[in-house]
Amino acid sequence: MTERIIVVGAGVAGATAAKTLRAEGFTGEIVLVGAERGLPYRRPMVSKELLAGTAEERRTLLEPADSWRSLEVDLLLGRGVDAVDVDAKRVRFAGGESLGYDRLLLATGARAKSLPGPQRNVHTLRGAADVAPLREAIIAGGSLLIVGAGLVGCEVAATARGLGVRVAIVHAGPAPLDRIAPPAVGDYYRNLHADNGVEIHDEVVLDRLDGIETGVTALARDGRNWSAAAALIAIGSAPDTALASVAGLAVGNGILVDEHYRTSAPDVFAAGDVANRFDPELGAYERDEHWNGAQAQGAAAARSMLGKTPARPDVSWGWSTQYGRNLQFAGRWQPGDDFVVRGSVDSGEFAVLALRDGRLAGAVALARPADLRAARPLIARRAVLDPTRAADVSVPLADAVASDDDLAADRA
């Protein structure tokens, strides 16, 4: 009997898994199920090219329709999955029909977080279907209030300014982009947005956000208030574990999986934004919410489904384009880290390196892509850096590696 693998979720993790299964020699049936009606697409374009209206359709797609046909991947698009019976090994679709599987991959992604209160003229932005309503609202109204100064919030602000819309951002953190970049970089981006007509208000705790027919009003606990024609809630996302929970899978900040992306149920795997993977080297679970991480996890989970040992995940990395400038980041920084700057943050050409106990733990770079490329393998191996040499732009970053003996001497 021909084996069947069902992939639930047609984002980059699920789509990459389907392609990898074929590349690794799987000859059975592959069914890729997606709740969205369109072909699998590049989600990072949602807050930029798609919202701006500048994207060419062919460039938005992960693969054209002909490629999926040549791969013999059955696309079930615009289909919701209501339940998974892990004992009978069947998925049930909205409408009642069901389909059996030999192995199942859950790549259900994440859902945008929202705020309580009246939702008229209040938007979130997670997928392509969210673009048109938001674009129409901000162009018609001429003003946008963004709640959240992370990647999506800042990217939408830059895109909206390009559309001629008045924009303000309020957020609870001390600096924009504070989840991916240290304070000095956040300050640079606050100034960059200000230079382009966007005010960013830090450390705002909203008491309420009311969206009514005539617009939106936000009131902070300290009495400050803001009004606009429309609002975008960009306060992050939560893993979409609803299907896994109903199926009885172990969940906790995502679907819990081992280092091979196996869930608590036999022959059921998970990858992408929804997966909370156990890293045996860290001895802890870790989620990666970036595009590149989801792509790598999809490929790794596919190999694991075929009984092959997946490669160790790459260091988490990503990028953000705002006002034509491409920020890249890798690894993770923490408030207690020591920071080394290559170049100058004020000039807009820099790499900021986060050292933790002397070892490179994270990096963020603007207009210095070679430094970011060099940083990724150094973060992966937890390389010890000589701070003086690391700060010297005439020294290639790879040549700034010190020895553990040097680190011990510095501490003595």
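Looking at the stretch 239-322, the DSSP beta bridges with both ends there are about 60 percent antiparallel. Taking the alpha carbon gyration tensor of the stretch 114-233, multiplying each eigenvalue by 5 and rooting it gives semi-axes of 21, 17, 13 Å, largest first.
Using the Cα coordinates of the stretch 324-410, the gyration tensor eigenvalues translate into equivalent-ellipsoid semi-axes of 21, 13, 11 Å, sorted from longest to shortest. What does the charge count near Val167 come to, summing +1 for each Lys or Arg and -1 for each Asp or Glu among other residues with Cβ under 12 Å from its Cβ? So the surrounding residues net to 0.
For the chain, the carbon plus sulfur part of the accessible surface works out to 47%, probe radius 1.4 Å. GNM on the chain, alpha-carbon springs under 10 angstrom: the most fluctuating residue among Ala181, Ala234, Ala402 is Ala402.
With a Förster radius of 41 Å, plug the Cβ-Cβ distance of Glu281 and Asp195 into 1/(1 + (r/R0)^6) and report the FRET value to the nearest 0.05. With a Förster radius of 41 Å, E is 0.45. For Arg356, the solvent-accessible surface with a 1.4 Å probe is about 80 Å², rounded to the nearest 10. Based on the reciprocal of the average 1/r between different C-alpha atoms, the Kirkwood radius for the chain equals 22.8 Å.
For the stretch 324-410, what is the accessible area per residue in Å² when the probe is 1.4 Å?
Details: 4260 Å² over 87 residues.
On a per-residue basis, 49 Å².
Among beta bridges identified by DSSP and lying wholly in the chain, the antiparallel ones come to about 60 percent. The 3J(HN,Hα) values that the Karplus relation (6.51, -1.76, 1.60; θ = phi - 60°) gives for the stretch 275-282 are, in residue order, 8, 10, 8, 7, 9, x, 6, 7 Hz. Gly and Pro appear as x. Extending 7 Å from the Cα toward the beta-carbon at both Thr321 and Ala65 defines two label points whose distance is 2.7 nm. Computed over Cα pairs, the Kirkwood radius of the stretch 255-412 leads via Stokes-Einstein (0.890 mPa s, 25 °C) to a diffusion coefficient of 145 µm² per second. Using the Karplus relation 6.51 cos²θ - 1.76 cosθ + 1.60 with θ = phi - 60°, the per-residue 3J(HN,Hα) values for the stretch 121-134 come to 6, 10, 10, 10, 9, 10, x, 4, 5, 7, 5, 4, x, 5 Hz, with x marking Gly and Pro.
For the stretch 162-249, trypsin sites (Lys or Arg not before Pro) meeting the loop criterion (DSSP other than H, G, I, E, B) and having at most 16 other Cβ atoms within 10 Å: Arg179, Arg221, Arg224.
The accessible-area ordering, largest first, of the residues Arg120, Arg303 stands as Arg120, Arg303, per a 1.4 angstrom probe.
Annotation for the stretch 4-62: GluC sites (Glu not before Pro) lying in DSSP loop with at most 12 further Cβ atoms inside 10 Å of their Cβ are Glu56. Database remark: amide H of Gln322 closer than 5 angstrom to the amide H of Leu327 (H placed geometrically; neighbours at sequence offset of 5 or more, or on other chains; Pro and chain starts carry no H). Each eigenvalue of the Cα gyration tensor of the stretch 188-283, multiplied by 5 and square-rooted, gives one semi-axis; in descending order these are 40, 19, 12 Å.
Between Ala184 and Ala398, the FRET efficiency from the beta-carbon distance, with R0 = 41 Å, is close to 0.95. When the chain is treated as a GNM with alpha-carbon contacts under 10 Å, the residue of Thr309, Thr388, Thr16 showing the greatest mean-square fluctuation is Thr388. For Ser143, the residues whose amide H sits under 5 Å from its own are Arg166, Ala229, Ala230, ignoring neighbours fewer than 5 places away on the same chain, with H placed 1.01 Å from N.
Close amide-amide hydrogen proximity is noted between Arg111 and Ala238, Asp240, each under 5 Å apart and 5 or more residues distant or on a separate chain (H modeled in the peptide plane; Pro and chain starts excluded).
Counting heavy atoms of the protein chains alone, Glu349 has an accessible area of about 90 Å² for a 1.4 Å probe.
By a 1.4 Å probe calculation restricted to protein chains, Asp357 has an accessible surface near 110 Å², given to the nearest 10. Coupling constants for the stretch 147-153 follow from the phi torsions by the Karplus curve (6.51 cos²θ - 1.76 cosθ + 1.60, θ = phi - 60°), and in residue order they are 9, x, 10, x, 4, 5, x Hz; glycine and proline get x. As an exercise, identify the trypsin sites (Lys or Arg not before Pro) in the stretch 1-74 lying in DSSP coil whose Cβ has no more than 14 other Cβ atoms within 10 Å. Here the sparse-neighbourhood loop sites are Arg37.
The coefficient of translational diffusion for the stretch 1-153, derived via Stokes-Einstein from the alpha carbon Kirkwood radius under 37 °C and 0.692 mPa s, stands at 189 µm²/s.
Before I look further, what does the stretch 159-305 give for accessible area per residue, probe 1.4 Å, in whole square angstrom?
42
For the chain, lysine pairs with C-alpha atoms less than 28 angstrom apart, excluding pairs fewer than eight positions apart on the same chain, total 5. Taking the helices alone, the chain has a mean residue ellipticity at 222 nm of -7000 deg cm²/dmol, built from -39,500 (n - 2.57) per DSSP H run of at least 4 residues and averaged over all its residues.
The values are calculated or read from the model by the stated rules, or taken from the named source; none is laboratory data. Computed from a prediction, not measured in an experiment: that's the story for all the values here. Cβ: placed from backbone, ideal geometry, glycine included. Neighbour counts: every protein chain shown. SASA here: full protein model, heavy atoms, side chains in, ligands and nucleic acids out. Shrake-Rupley method; radii C 1.70, N 1.55, O 1.52, S 1.80 Å.
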